[in-house]
1. Which of the lysines could a cross-linker bridge to K243, judged by Cα under 24 Å and excluding same-chain residues fewer than eight apart?
2. Near I194, within a Cβ-to-Cβ distance under 15 Å, what is the net charge of the other residues, with Lys and Arg +1 and Asp and Glu -1?
3. Tell me, what is the per residue accessible area of the chain in Å², probe radius 1.4 Å?
4. What do you get when you divide the Cα radius of gyration of the range 10-64 by 2.2 N^0.38 Å, with N the number of residues?
5. Give me a comma-separated list of calculated 3J(HN,Hα) values for the range 10-17, in order, Karplus coefficients 6.51, -1.76, 1.60 applied at θ = phi - 60°, integers in Hz, x for any Gly or Pro.
6. For the range 201-216, what does the Karplus curve 6.51 cos²θ - 1.76 cosθ + 1.60, with θ = phi - 60°, yield as ³J(HN,Hα) per residue in whole Hz, taken in order and with x for Gly and Pro?
7. Under the rule of -39500 (n - 2.57) per DSSP H run of 4 or more residues, summed and divided by the residues of the chain, what mean residue ellipticity at 222 nm is obtained, to the nearest 500 deg cm²/dmol?
8. Debye calculation, C-alpha points only, no solvent: report log10 I(q)/I(0) for the chain at q = 0.12, 0.13 Å⁻¹, in the same order as the q values.
Amino acid sequence: DYWDTLKNNRAIQMLVLSASTDKLGSTAKTSAVSVAMFACIAGSIKLQGSVTAVTTIPSVILTFLVISIVATRFGQKKAMVIGSIGGIICNVILSALWIVGDPGALNWGPFLITYVVFSILYAGCQGISGNIVIPMTADCADYEVYRSGKYVPGLMGTLFSFVDKMISSFAPMIAGLVFAACGFTDHNPSVGDIVTPQLRVGVVFLAYGLITIGLICNLIAMKFYPLSKEKMAEIQDEIVKIKAKAMAEA
């Protein structure tokens, strides 16, 4: 049953590809990466807590508003695409900010204000692609009923969860390899370490580059994801007929 579902259900194939690459990118930004950004590159680990306090509540509110408005109006597939495009744009800007800008002069000036604004915007965009996969998994289960007549939501959720966790488990290893390539083979970057160009690029790659690759994978996956808003309406109508037929036969 697992093999048949994974082989023939294009929706769950594309959703697993999308969600697992997203998860890999987001979990690669470990606490060690955040410490390297603020303690080593910016030179102020205390500022990390201040920035987090400022961005957390607006990010949660924006995520809720964006998901409720965009997903309801355009459907889950288009919402994923919109969120991914917005996330890519924000990550490119944040990457350029940390590479070209002067994070060593962090204060409530242009650098930090730009960082906070685009971090909040990114959280709203990432909130779509990160949180909408749960209802999309339910859609994949409905699609399996439509495709094969089998109602297997437990199988679908387990299959999705297994592949997602297996791929995302590589994130800490990737972070360690990138730090090692930057010259930190015996410890993670911390306060007082010399900030080399390699370290700055490596940290930016872990913080924004890897998740950007995941968001690009989202766009590719959604190109082949068959469950548009219109298709789901068709599937729901067919499921009603399947249920009615099953009840009549019972």
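1. K150, K229, K231
2. Its environment carries a net charge of -1.
3. 50
4. Taking the Cα Rg and dividing by 2.2 N^0.38 Å, one obtains 1.54.
5. 4, 4, 5, 4, 5, 5, 4, 4
6. So the J values, rounded to whole Hz, are 5, x, 5, 5, 4, 5, 7, 10, x, 5, 5, 5, 4, x, 5, 5.
7. Dividing the helical sum by the residues of the chain leaves -24500 deg cm²/dmol.
8. -0.74, -0.84
The values are calculated or read from the model by the stated rules, or taken from the named source; none is laboratory data. The shown structure was predicted, so the numbers you read here are calculated from the model rather than taken from an experiment. When we count neighbours, we look across all protein chains shown, and the Cβ atoms used for this are built from the backbone with ideal geometry, even at glycine. To get the accessible areas, we keep the full protein, side chains included, count just its heavy atoms, and leave off ligands, DNA and RNA. Shrake-Rupley method; radii C 1.70, N 1.55, O 1.52, S 1.80 Å.
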